[in-house]
Structures are given as C-alpha cells and as structure tokens.
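**Q** Pasting a structure below so you can have a look.
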C-alpha cells in the first residue's frame, strides 16, 4: 500500500490537486464560515441542505437531493472499479434558535457547530474543486456530499435512507467527523426511548391514595440506576431529560423521561434493554399495587371519590414506551483493506494511527449492513464539540484535505497510475 501512495503523491495529477487545495484555503474557510451560520438542528436541515446544494452546483457538479435532504454528487469512474460513499453530516446539535455568531480567539474560529461537522462539510466542496482542477480520472465511482440526521434524535436517518436507496453496489463508506488521524472502525449501538406514565391526576391532598405517575417514574429511574452492565464490551445507560407534573399540590396526569441505552455489542445492548424494560414495567406494577393494598383509605378519608368515580386505588398508572432511536451496533475486522488503506495514508504522512474500536457515528449503518465503513478526521482541529464554546483551528487545514484526497484516489484507483485498494464486494 505504501507504494500506491508513493506513486500517487509523486504524480503530476496529484501535484495539481495538492496545489489546488493549498491555493483554495481562503475559499474553504469562507464557505465554512458561511455554512455554519445556517442553522441545521437534526431533522431540520432543509435550509443548510439548500445552501450546500447551491454551493455544490455552483462548482459545476450535478447534485442529487433525496427525500430526507441528503445531498450528494456522483463522479463516475473510468473503469469497472469499486464505489465509495464519502460524506460529512449537515446537521448540528444546536436548536434552530441558537444564536450563531463567529468570534475569533486568536487564530481559532468560535461558533456553535463550527467544528462538528461543518468543518468537514466545507472540505467536501474543496475536494470537488480539486477533482475538477486536477482533471483526475478515478477507476471507481465516487459518491460525495452531505447527509442529514447524524446527531441526537436524528437517529442516523440520513445514512439509513441512503442505504435503503442503495441496497447494493456500495463497496466502502467514509464519514469525516472530527477524529484527527484516527480510524473509528466499529459502531456503538443505542436504543433510545421516550418513557411516558399516565394517570387520572388530582389534588395532592383530596386525592391522596391515588397511584401517582411521578412516583412510578421515580421508582423506575431508581430501579434502572441499580442495573449492572458489563465493562467489556462497554455498555451504558442514562435517564436524561425528565418532564411532567402540573403544580406542587397536584398529582400529575402525565410525566415522562428520555432513556438512552448503549453498547459496543448488540448482544449486550439487547440484554441491557430487556432488563431495563423489566425495571420500568415492575415500577408501574409496584406503584399501582402499593395503593391497591390500601383500599380502606377511601373509607376513612374525609375526601372520598365523588359519585361515579372509581376508588383512588383503582385509578391506575399506565405506561407508554415509544422508541425514538435505534442506532445499530456493528463490528468488522481491523485488517480490512479499507482500514489498512486509511492507516497507510496516515503513516505515509508521518502520523501514528489511532484506532478507535467503536463510537456512535454514521459509519454504524454500513458496518451493520456488512459494508466496510470508517469515520475519520479532516483538515484542521475542532475542540469543544456540542458546546456553545465550540472552536475550529484551521492550522493544517490544507494538508488534511490533501490527505483525504489522496486516500480517495488510492481507494478508487487512478487511470494510468494505480489500481484500487478498495475491493468490490461480492
């Protein structure tokens, strides 16, 4: 593989590409800054998709816009080579009303979303300009663009839709998403739920003795907190946002919490999921049983149920569990040609490759489907991801983009120079 990179790096076509990338630095940064000012909260990426599509078409590339707002272009190869899908995600974690203003901190740019993943998104456009400027002819096909739904409750719906539309014919996948000189080669799976508790509701004193949805939720969270999960494969859970209730002197009608369960192993994910679901159901049963056991309270209470009303203990709490996320877990051998080619790219330029066995990225989807996939870093360095203080340092921007360019060329092969390092799937 080292020989492939030597041939490409020393070729005239690659020198043209490198010159174009380095000369394009100011334009790359300008588009980066323009893109980050277009809000793109997960599942609300339409405006950024519009702008990104306009920028792509302005470079002379015909774009494809699918039903969920993924945007990409297809660059056909010259031979019967592999097909690589190369993408960055359009969305950010920040709600649509988040103030977006670019500030300078020395040489760094600060703005919510400036790194994750707007930096990589702008660099896909730089790669397109370098392809055009160099006149390079790949042997395989390149699909390159921006996808939606990577963050939060986006649930990877963009990449899921892409592979629904392309059930075969994709031989490799690369997501560029903030892991400098590292290779994420596995997918951390997750199940996410909105867990809702419903009840009759009432007055905190007059209706005391009625099963309480908030108390049932508290029981559930307490039980979940005692669940034991393995260290290896790494498995986690968290009860996140908690909502509900009317006032301090009311028994709630409704309440809910958001639940996140993760594991690098589908088997462990399913086992933890089963145990946690049992905890939630048991909590509701216990809350209802606790007050059913005190039926004499209604007889002794000065605040008896009104005519036609059920006894307090019979006004039970009910449960509703809605799955709001299902990110598939996946693993693949670290010696796959795609992974070896990425490592060879880093090593050619003098970096020590960092291997990350699993994370939750767009690569989860292809890996779970048996398509080789990785998540890599691009040019420059991002810090403070998912925080309002997010920053991007453009130092090394051009070099990082060039490293991505030569990686694409090595994987797809170049007419008259090299054969593809990425094999076609059977």
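**Q** Would you tally the residues in segment 211-240 being surrounded by 14 or more Cβ atoms within 10 Å (Cβ to Cβ) and outside any strand (DSSP E or B)?
**A** Number satisfying all stated conditions: 17.
**Q** Let me ask something additional. Evaluate segment 259-275: report whether one residue or more is at positive phi and at pLDDT 95 or above.
**A** Scanning segment 259-275, I find no residue that is at positive phi and at pLDDT 95 or above, so the answer is no.
**Q** Suppose we filter 56, 104, 96 for residues that are touching a helix residue (DSSP H, G or I) at 6+ places or on another chain (Cβ under 7 Å) and either on the phi < 0 side of the Ramachandran plot or assigned by TED's automatic domain parsing to the domain that holds residue 372 (or both); which single one remains?
**A** 56
**Q** Then there is this: Tell me, which residue of segment 34-58 that is in a helix (DSSP H, G or I) and touching a strand residue (DSSP E or B) at 6+ places or on another chain (Cβ under 7 Å) is surrounded by the fewest Cβ atoms within 10 Å (Cβ to Cβ)?
**A** Across segment 34-58, the extreme among qualifying residues is 53.
**Q** Looking for something in contact with a strand residue (DSSP E or B) (Cβ under 7 Å, 6 or more places away or on another chain), modelled with pLDDT of 95 or more and buried (at least 18 other Cβ atoms within 10 Å of the Cβ) - is there at least one such residue anywhere in segment 287-294?
**A** no
**Q** Are there strands (runs of 3 or more DSSP E) fully within segment 65-141 with at least 1 residues that are closer than 24 Å to residue 162 by Cβ and modelled with pLDDT of 95 or more? List them.
**A** 71-75, 83-89
**Q** Could you tell me which numbered condition residue 376 fails, if it satisfies all but one of (1) surrounded by fewer than 24 Cβ atoms within 10 Å (Cβ to Cβ); (2) closer than 30 Å to residue 104 by Cα?
**A** Of (1) surrounded by fewer than 24 Cβ atoms within 10 Å (Cβ to Cβ); (2) closer than 30 Å to residue 104 by Cα, only one is false for residue 376: (1).
The values are calculated or read from the model by the stated rules, or taken from the named source; none is laboratory data. The shown structure was predicted, so the numbers you read here are calculated from the model rather than taken from an experiment. We place every Cβ from the backbone using ideal geometry, glycine too, and count neighbours over all the protein chains shown.
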